[in-house]
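What follows is a short report on a single structure.
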């Protein structure tokens, strides 16, 4: 048996590149469009705390077991719509729980480009790779 050709290796590598920053994953739980997501046993699930290591934002809603497109933080092209987990002021740092930052241990996933009056409002954020405040 011969080793794969260079062209085959390049093709396999290229298949894993997502130039627009969108990757699909299987949902481990029900997901609502705009929720920050984290990994859970090789699948994605909504974040539950400001300190969770979010990997992206759901671009669509999905039931457990469904495939969901995810805007990867720091890689997705452009801004992203977030479903707020509480009131957020324009310009505030946004946490993995989709709330305004308040603690030094919060994981920041972006900056709010508009205000959210309450939980459930959709706002535009400039996203970034999650990092501790």
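The values are calculated or read from the model by the stated rules, or taken from the named source; none is laboratory data. Note that this is a predicted model, so its numbers are computed, not measured. For neighbour counting, all protein chains shown are included, and Cβ atoms are generated from backbone atoms with ideal geometry for every residue, glycine included.
Quick one: would you say residue 114 is part of a strand (DSSP E or B), more than 17 Å from residue 75 (Cβ to Cβ) and touching a strand residue (DSSP E or B) at 6+ places or on another chain (Cβ under 7 Å)?
In short, no.
Residue check, residue 57 against (1) free of Cβ contacts under 8 Å to residues at least 60 places away in the same chain; (2) closer than 13 Å to residue 126 by Cα, all met but one. Which one?
(1) is the only condition that residue 57 fails.
Contact list please: Cβ distance under 6 Å, first residue in the stretch 104-133 and without any contact (Cβ under 8 Å) to a residue 24 or more places away in the chain, second residue surrounded by fewer than 17 Cβ atoms within 10 Å (Cβ to Cβ) and in a strand (DSSP E or B), pairs at least six apart or on different chains.
Pairs found: 111/126.
Tell me whether the stretch 15-36 contains one or more residues that are part of a loop (DSSP other than H, G, I, E, B), farther than 23 Å from residue 126 by Cβ, modelled with pLDDT of 95 or more and in contact with a strand residue (DSSP E or B) (Cβ under 6 Å, 6 or more places away or on another chain).
yes
Of all residues in the stretch 30-54, which are free of Cβ contacts under 8 Å to residues at least 24 places away in the same chain and either over 19 Å from residue 131 (Cα atoms) or surrounded by fewer than 22 Cβ atoms within 10 Å (Cβ to Cβ) (or both)?
Within the stretch 30-54, 39, 40, 41, 42, 43, 45 qualify.
Taking residue 93 and the conditions (1) surrounded by 15 or more Cβ atoms within 10 Å (Cβ to Cβ); (2) under 11 Å from residue 57 (Cα atoms), which numbered condition does it fall short on, given that it satisfies the others?
(2)
Tally up the residues in the stretch 117-128 that are surrounded by fewer than 14 Cβ atoms within 10 Å (Cβ to Cβ) and touching a strand residue (DSSP E or B) at 6+ places or on another chain (Cβ under 8 Å), please.
3
From the list 78, 74, 86, which one is part of a loop (DSSP other than H, G, I, E, B), free of Cβ contacts under 8 Å to residues at least 24 places away in the same chain and under 18 Å from the mean Cα position of the chain (by Cα)?
Of 78, 74, 86, the one residue that is part of a loop (DSSP other than H, G, I, E, B), free of Cβ contacts under 8 Å to residues at least 24 places away in the same chain and under 18 Å from the mean Cα position of the chain (by Cα) is 78.
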